[in-house]
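Quick one: this structure, given as structure tokens, is what I'll be asking you about.
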Amino acid sequence: MEAQHLHAKPHAEGEWSTGFCDCFTDCPNCCITFWCPCITFGQVAEIVDQGSTSCGTAGALYALITAVIGCGCMYSCFYRKKMRAQYNIGGDDCGDCLKHFCCELCALTQQYRELKHRGFDMSLGWAGNVERQNQGGVAMGAPVFQGGMNR
């Protein structure tokens, strides 16, 4: 699914729309992420994977990895990389992993805020956002790929 950035708030191309330490600009999400990061991760993963992974599945896998080996950040940093590629946000793999390892909560909340900023209603999940867009609601900030192959 491809959509235009009609209702996204303007920000510099190639940059995150909010700062890494701007966690408290969305206090409800900050609290949810602090107490149960698997929820925020699951919501982010479902949108980034465009519905191919459900929120529940991604969140449960994140919780399992965190409980068994204590490094859910290793799983979540790959989604940061994927998100950067989809939205042409600058950065590198090493920086992604360092951010998730050193401050997982800041990294997850920044990704969550970025998707909200791009027009996604995180409580609806991918299918709900697609339905909302198809009904003439708010246009989502789905990845827009420059050139190359299109479906």
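The values are calculated or read from the model by the stated rules, or taken from the named source; none is laboratory data. As the structure is a prediction and not an experimental result, all values here were calculated from the model. Each accessible area value is taken on the protein alone, full model and side chains, heavy atoms only, with ligands, DNA and RNA left out. Shrake-Rupley method; radii C 1.70, N 1.55, O 1.52, S 1.80 Å.
Just subtract the alpha-carbon distance of SER54 and LEU98 from 0.36 nm times their residue separation and send over the number in nm, one decimal.
Using 0.36 nm per residue and subtracting the Cα-Cα distance, I get 13.3 nm.
Still on this structure, I have one more. In Å², and per residue, what accessible area does segment 64-111 have when probed at 1.4 Å with the other protein chains present? Provide the component values of the computation, followed by the final result.
On the way: 2330 Å² over 48 residues.
Normalised by residue count, the accessible surface of segment 64-111 is 48 Å².
Would you mind pulling out the separation of the Cα centroids of segment 88-112 and segment 14-29, in Å?
12 Å
Would you mind getting the Kirkwood hydrodynamic radius of segment 24-89 from its Cα pairs, rounded to one decimal in Å?
12.2 Å
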